[in-house]
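One structure below.
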Amino acid sequence: MGAALKPAAGLMAFACCAVLAGCSALGLGTKGDGQLVASHDLVATKDAFVPKPFLSKVGEGAEDVVFTAQINALNSPRSGQPVTWEWKGTTGRVTPGPVYMVNAKTCRDVVHVAERDAERLLGRATACRTADGRWERLI
């Protein structure tokens, strides 16, 4: 009976390693208390990243707020959980889609929604991680 448990234990160890390796590939890690967290040290350039047509409709000066929300959404371990923002009477959210692979790069879509004066503004972006861990807009 003990011999039958050894393969199962080995399989469990392999599964745990695979899960942890996947988390590492996605830029996820753990705090000292074991809680899963996203890596927030990843950056990208604002000019090439947040959809310009969306930003032009939101208004001048909103770039930093929207960019920060997008990075937080990309680094989120959960798909579909919006990151909200507010800027001069405009509220918005950036919702990340699931993580997927393109040419061996980790990629993710995000959807931008902003509301101002009863008008709804929409934007989309797709970003992939570069070899150095930065998010880069997929063109």
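The values are calculated or read from the model by the stated rules, or taken from the named source; none is laboratory data. Every value quoted in this text rests on a predicted model; they were computed, and no experiment measured them. When we count neighbours, we look across all protein chains shown, and the Cβ atoms used for this are built from the backbone with ideal geometry, even at glycine.
Restricting attention to region 117-131, the residues that are surrounded by fewer than 17 Cβ atoms within 10 Å (Cβ to Cβ) and touching a helix residue (DSSP H, G or I) at 6+ places or on another chain (Cβ under 9 Å) total 3.
Taking the listed residues Val50, Val66, Val43, Val37, the one that is modelled with pLDDT under 95 and part of a strand (DSSP E or B) is Val37, with no other qualifying. Scoring Pro82 on the criteria (1) at pLDDT 85 or above; (2) closer than 18 Å to Arg137 by Cβ; (3) touching a Lys or Arg at 6+ places or on another chain (Cβ under 6 Å) leaves a single failure, condition (2).
Only residues that are in a loop (DSSP other than H, G, I, E, B) and either of a type outside the set (D, E, K, R) or farther than 20 Å from Ser56 by Cα (or both) were counted in region 90-139, giving 10. Which residues, counting only those in region 105-116, are surrounded by fewer than 19 Cβ atoms within 10 Å (Cβ to Cβ), closer than 16 Å to Val66 by Cα and not acidic (Asp, Glu)? Passing the criteria: Val111, Val113, Arg116. Residues in region 89-104 that are among the small types (Gly, Ala, Ser) and surrounded by fewer than 17 Cβ atoms within 10 Å (Cβ to Cβ) were compared, and the one that is farthest from the chain's Cα centre (by Cα) is Gly89.
Checking each residue in region 83-126 for being among the basic types (Lys, Arg) and in contact (Cβ under 8 Å) with a residue 12 or more places away in the chain picks out Lys88, Arg93, Lys105, Arg108, Arg116, Arg124.
Residue-level check: of (1) in a helix (DSSP H, G or I); (2) at pLDDT below 90; (3) of a type outside the set (A, V, I, L, M), Glu60 misses just (1).
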